[in-house]
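Some notes on the structure that comes next.
Values in this text are rule-based calculations from the coordinates and carry no lab data. Remember, it's a predicted structure, so these values are computed and weren't measured experimentally. We place every Cβ from the backbone using ideal geometry, glycine too, and count neighbours over all the protein chains shown.
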Amino acid sequence: MIRRTRNESGPSSEVTPVIVIGEALIDIVVDREGSTEHPGGSPMNVAIGLGRLGNDVHFVTRIGNDARGAELKHHADQSGVTFFPGSIVDEATSTATARLDEAGAARYEFDICWSLDFVDRLPPIALVHTGSIAAFVSPGATDVRRLLADTSESTIVTFDPNIRPSLLRSPVEERRTAEDLMSLSNVVKLSDEDAQWLYPGCALSDVLDHIRSLGPALAIITKGESGAILASGRAIVDLPGRSVRVADTIGAGDSFMSAVIHALLRLLRENTSPETIRDGSALTLAALTKIGTFAIECAALTVSRVGADPPRLADTVS
């Protein structure tokens, strides 16, 4: 399914649609000055990042038909993100509350209702992404796995576990869930902190090898300001980070993930076949370097701004 769109700067261009599956919620930050609320949720941040990069992105989520849900929908609309039918339900919108102590350390409390019982199956689609709370919290996690397992053989599947320890069981138990979804995925990205939580004591190179042994063609580990490692069957690249003045790191990993997906969709628009991405034969040294350089740039732009504020394509140079 490829949709033709027209923009102000030139003739019509092909945009390959992508579906993001996962939670959208309101982040509530409470400190001694009071509380503030902001749109949040890792998958929503990824969807926003993809929309800002010019992609036709559809978001399978669950938000309430309330004021907080309306704020989330407005936030998505501003970046061109389309909500999947049924995503707005008659219940309270999920929240994540961070209570800050005098030192600035946060204690998190989650109030999450996560189910995708309104989704029978996904339409034909070029790429599907999921991750974070949506992949682990029941009953919605079962729906996520069902939808991924039901994708067509030509669909590219990407996964970012984006571990939230306060919501999860032990690493041993959650590793089974994560690896089950990895086995259904073609691209897996995790942070070095995620890697150490899931595989304590293991070297990052061993984690990358293990993930690829489960089936993904591309495994990625981000290392914050130190850059990222991308590994396929064709090549491994260890790219440095970019030096920027950091406002905060909120949403940096999600921006990185959006950029990776955008780069994969760009390969498809340049007539790279989905099969060669899924089996990794298109993921050469040159391709990985280009993907990783762009993703690091997008993440760096995000950390230079306050909050989860991913860049638009016009902001980038890679």
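Grab the DSSP H runs of the chain that are 4 residues or longer, score each as -39,500 (n - 2.57), total them, divide by all residues and round the 222 nm result to the nearest 500 deg cm²/dmol. Display every interim value, and only then the final one.
Values: 9 runs with 105 residues, N = 318.
Estimated from H runs of four or more residues: -10000 deg cm²/dmol.
Highest mean first, what order results for 190-197, 204-211, 216-223, 256-263 on Cβ atoms within 10 Å?
Values: 190-197: 20.4, 204-211: 18.0, 216-223: 24.4, 256-263: 27.4.
Averaged packing, sorted descending, gives the order 256-263, 216-223, 190-197, 204-211.
Determine, for His129, His75, the number of other Cβ atoms within 10 Å of each Cβ, and report the residues in order from fewest to most.
Listing His129, His75 from fewest to most nearby Cβ atoms yields His75, His129.
Using label points projected 7 Å from each Cα along Cα→Cβ, tell me how many nm separate Ala247 and Tyr108, to one decimal.
That separation, rounded to one decimal, is 2.2 nm.
Provide Tyr108, Tyr199 in ascending order of the number of other Cβ atoms located within 10 Å of each residue's Cβ, fewest first.
On the way: Tyr108 13, Tyr199 18.
The most exposed by this proxy come first: Tyr108, Tyr199.
Provide the percentage of antiparallel DSSP beta bridges, counting only those with both residues in the chain; round to the nearest 5.
45
Please compute the length gained on full extension between Gln196 and Asp31, using 0.36 nm multiplied by the number of residues separating them and subtracting their Cα-Cα distance. Walk me through the intermediate numbers first.
Working: separation 165, 0.36 × 165 = 59.40 nm, distance 2.96 nm.
Extra length available between Gln196 and Asp31 comes to 56.4 nm.
Taking 0.36 nm per intervening residue step and subtracting the Cα-Cα distance, what contour gain separates Ser226 from Arg312 on full extension? Walk me through the intermediate numbers first.
Values: separation 86, 0.36 × 86 = 30.96 nm, distance 2.32 nm.
The Ser226-Arg312 span can extend by a further 28.6 nm.
Using a basic spin-label model with each label point 7 Å from the Cα along Cα→Cβ, how many nm lie between His38 and Arg121?
Rounded to a tenth, the inter-label distance reads 4.0 nm.
Among residues other than His210 whose Cβ falls under 12 Å from its Cβ, what is the net charge (Lys/Arg +1, Asp/Glu -1)?
Details: positive: Arg175, Arg212; negative: Glu179, Asp206, Asp209.
With Lys, Arg at +1 and Asp, Glu at -1, the net is -1.
For the stretch 17-311, count all C-alpha to C-alpha pairs, find those more than 34 Å apart, and express that count as a whole percent of the total. Intermediate values should be presented prior to the final figure.
Working: 5915 of 43365 pairs.
Counting every Cα pair in the stretch 17-311, those more than 34 Å apart make up 14 percent.
Once fully extended, how much extra length lies between Arg146 and Asp206, figured as 0.36 nm per residue of separation less the alpha-carbon to alpha-carbon distance? List each step's numbers first, then the result.
On the way: separation 60, 0.36 × 60 = 21.60 nm, distance 2.90 nm.
Working it through step by step, the gained length comes to 18.7 nm.
Please give every one of the lysines within straight-line cross-link reach of Lys290, meaning a C-alpha to C-alpha distance under 22 Å, and leave out same-chain neighbours fewer than 8 residues apart.
Filter leaves Lys189, Lys223.
Please report how far the C-alpha centroid of the stretch 174-233 lies from that of the stretch 247-275, rounded to the nearest whole angstrom.
Taking the Cα centre of the stretch 247-275 as reference, the centre of the stretch 174-233 is 17 Å away.
Net charge around Thr249, counting only other residues with Cβ within less than 15 Å of its Cβ (Lys, Arg = +1; Asp, Glu = -1)?
Details: positive: Lys223, Arg242, Arg245, Arg305; negative: Asp27, Asp192, Glu193, Asp194, Glu225, Asp248, Asp254, Asp309.
After counting each charged neighbour, the total is -4.
Phe136: net charge of surrounding residues, Cβ under 13 Å, Lys/Arg +1, Asp/Glu -1, itself excluded? Write out the running numbers ahead of the final one.
Details: positive: Arg145, Arg164, Arg169, Arg175, Arg176; negative: Glu23, Asp143, Asp160, Glu173, Glu174, Glu179, Asp180, Asp194.
Net charge in that neighbourhood comes out at -3.
Taking Cα centroids, how far is the stretch 43-65 from the stretch 105-139 in Å?
Here the two parts' Cα centres lie 12 Å apart.
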